[in-house]
Amino acid sequence: NITKSKRLLYMSKTASKNLFELIKSMSKSEKRYFKVLSSRHTIGEENNYIRLFDFIEAMDEYEESNVFSHFEGEAFLNKFSITKNRLYESIIKALVVFHSNSSVDAQIYRFLHASEVLYKKSLYDHASKQLRSAERLARKNDRLNLLLEIEKQKKKIIETQGYAKISVQEIDLMISENHSISAETDLNNKLWGIKSKLFIMINSRGKVRCQSDVSKFKKLKNELDQLKIPTKISFDNQYLYNHLLSAYYFAVLDKEESLAYLYLNFELLKSKPSKIKEEPNIYASVLSNIIHLESHLKNYKSTIKLLNELKTFTAKYKIKNTEDLDIKIFSSVYSTELMLLIN
């Protein structure tokens with residue numbers, strides 16, 4: 001009994017909480033879907049998964065010793081780490097299927113997978129049709145990395161099928177499109193790299209405090225200027241460019257210039273509502289940063305107007321709120337309103 005107590009105490013301190021955290025993160029509809037999917041298997045291991053799922057779901061804090069006490073004598077406890085991993089994987093599989101239509105990336109990957117299956121069946125025209133659907137969706141939503149994968153699969157079909165069905169002009173067009181996608185991807189990598197270095201500096205140093213800090217920030221700005229950004233770039237690259245400059249000018253204490261680039265991203269996002277719906281946290285962040293600067297510049301009418309936009313945009317764009325988004329909106333709105341009232 002002493003050995004068993006020590007073992008249970010050790011488990012409670014060292015057990016992984018991954019499964020518990022995953023289950024607690026699930027919505028009611030996700031849990032319902034998982035149970036419906038799992039209930040098709042009502043014997044053996046699958047049934048144990050549902051019983052274990054229900055018990056963990058009811059816990060407020062994860063204590064593995066409580067799991068062992070509740071299921072004492074059950075065979076699956078002998079290899080409990082394996083049981084947990086398999087349940088975790090089963091939940092992930094159910095979530096993937098449940099959300100298969102909820103994101104653009106998932107839909108594109110579904111077309112790509114369908115194309116691959118059809119290709120292996122030697123149904124090349126069918127596979128090409130799936131790729132065209134994937135390409136339309138990827139282009140519409142600026143999925144540069146997926147466009148490269150689509151182009152790769154198109155080349156594979158051409159090479160396998162033979163060159164009788166394609167012209168030299170079509171090959172030239174494919175090469176041109178590949179260059180364009182590669183250039184956008186390369187630009188995205190460079191912008192992301194500069195932005196990341198900038199934010200590391202901001203997080204470690206904050207705003208500029210001395211001439212030495214200004215020089216370091218300007219060095220990154222020079223790195224950006226040397227990129228020679230084309231006039232026409234993808235939505236994501238345009239957003240990243242504006243985001244980078246708004247952060248740079250904020251760091252060097254130029255609030256007006258920072259605000260100007262924030263407004264560019266605000267208008268950019270509003271021009272493509274699907275992006276707001278897809279990435280509501282980004283829209284909330286842009287709005288919150290604009291509100292912060294407008295209030296500091298004492299532009300109170302603009303501040304109040306934008307606060308109302310922040311309060312209502314999830315309903316306006318029919319966005320399903322998450323806890324993270326709710327916290328972000330709550331903290332931004334009420335901290336600003338308190339400051340306005342104090343002022």
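The values are calculated or read from the model by the stated rules, or taken from the named source; none is laboratory data. Everything numeric here is computed off the predicted structure, so don't read it as measured data. All Cβ positions, even for glycine, are placed from backbone atoms using ideal geometry, and neighbour counts span all protein chains on display. Protein only, heavy atoms only, side chains kept; ligands, DNA and RNA dropped before computing areas. Shrake-Rupley method; radii C 1.70, N 1.55, O 1.52, S 1.80 Å.
Of the residues that make up the stretch 179-186, is at least one acidic (Asp, Glu), touching a helix residue (DSSP H, G or I) at 6+ places or on another chain (Cβ under 6 Å) and open to solvent by 50 Å² or more (accessible area, probe 1.4 Å)?
no
The residues of the stretch 297-325 that are at pLDDT below 90 and part of a helix (DSSP H, G or I), listed by number, are Glu323, Asp324, Leu325.
When Ser115, Ser103, Ser122 are checked against the criterion of being open to solvent by less than 30 Å² (accessible area, probe 1.4 Å) and among the polar types (S, T, N, Q), Ser115 stands alone in meeting it. Summed over the stretch 119-150, residues that are in a helix (DSSP H, G or I) and either farther than 18 Å from Val104 by Cβ or in contact with a strand residue (DSSP E or B) (Cβ under 7 Å, 6 or more places away or on another chain) (or both) total 8.
Asn265: of a type outside the set (D, E, K, R) and touching a residue at least 12 places away in the same chain (Cβ under 8 Å), yes or no? In short, yes. Which of the residues that make up the stretch 273-332 are farther than 22 Å from Tyr239 by Cβ and open to solvent by less than 20 Å² (accessible area, probe 1.4 Å)? Correct list: Ser295, Thr303, Leu307. Here Met59, Met26 are screened, and the one residue that is surrounded by 12 or more Cβ atoms within 10 Å (Cβ to Cβ) and in contact (Cβ under 8 Å) with a residue 40 or more places away in the chain is Met26. Are any residues in the stretch 62-107 acidic (Asp, Glu) and either in contact (Cβ under 8 Å) with a residue 24 or more places away in the chain or closer than 15 Å to Met26 by Cα (or both), and if so, which ones? Correct list: Glu63, Glu64, Glu74, Glu89, Asp105.
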